[in-house]
Amino acid sequence: MTSTEQQHRQSRLSNPAVLVPELKDIGGVLFKATGNGTIPEATISLLQLRAGQIVGNTYLTVLHTGNLRKAGEAEERVTAVASWRDAPYFTDAERVALALVEAVLTADPTGERVSDELYERAREHYDEKALATLIMAIGQVCFFIPLALIGKPLPGVSPTEQWRQ
């Protein structure tokens, strides 16, 4: 893509927070719910990055990769999220979180996405409040996936500048 083409690129939508002002409230409540301290911020960011990778969305992948880097995460951890199963950089609790977001976002031919075995592994690492928070963190990123896929915000562009005017 030429620099001229890049300058003329724009998202498909106008700013959704202006179109639907309640979006700011919803986003704020979701952020507050997941920021209750029961799940490390790094774990939430890792699963958000993995969700962006699973749905194949560059905006989400760039956003959450950048968030992890800004938070000081090691480059090996950031780049290994896509191959987390055999990467040595993640704790068992982080692996469960990554497995859960994959299970939620990946169709299973048997119909059951989150097996009893995976749920029990999650319970080994998270108490009920933390597990509920982890579920809300998955829901939070899933809430914004349609906006990212349909609205096509521009990767690497600040939220205030990316939406079509």
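Some points to look at:
- Lysine pairs in the chain with Cα atoms under 24 Å, if 8 or more residues apart or on separate chains: 6
- The chain: DSSP helices with Cα axial extent of at least 27 Å and average Kyte-Doolittle hydropathy no lower than 0.0: 128-151
- Length available on full extension from SER158 to ALA82: 0.36 nm per residue minus the Cα-Cα distance, which gives 24.9 nm.
- The largest accessible area among HIS125, HIS64 belongs to the first residue in HIS125, HIS64, and the rest follow in falling order (1.4 Å probe, all chains).
- Unit Cα scatterers, Debye sum, the chain: log10 I(q)/I(0) for q = 0.15, 0.20 Å⁻¹: -0.88, -1.39
- For the chain, a Gaussian network of Cα nodes joined below 10 Å ranks THR38, THR79, THR61 by mean-square fluctuation, and the top entry is THR79.
- Solvent-accessible surface (1.4 Å probe) assigned to THR58 amounts to roughly 80 Å².
- The chain: most fluctuating residue of PRO21, PRO146, PRO40 per GNM, C-alpha cutoff 10 Å: PRO21
- The distance between label points at VAL55 and ALA71 comes to 1.8 nm (points 7 Å beyond Cα on the Cα→Cβ vector).
The values are calculated or read from the model by the stated rules, or taken from the named source; none is laboratory data. Treat the numbers as computed from the prediction; the structure is a model and nothing was measured. Note that each Cβ is placed from the backbone with ideal geometry, even for glycine, and that neighbours are counted across all protein chains shown. Just so you know, the surface numbers come from the protein's heavy atoms only, side chains and all, with ligands and any DNA or RNA stripped out. Shrake-Rupley method; radii C 1.70, N 1.55, O 1.52, S 1.80 Å.
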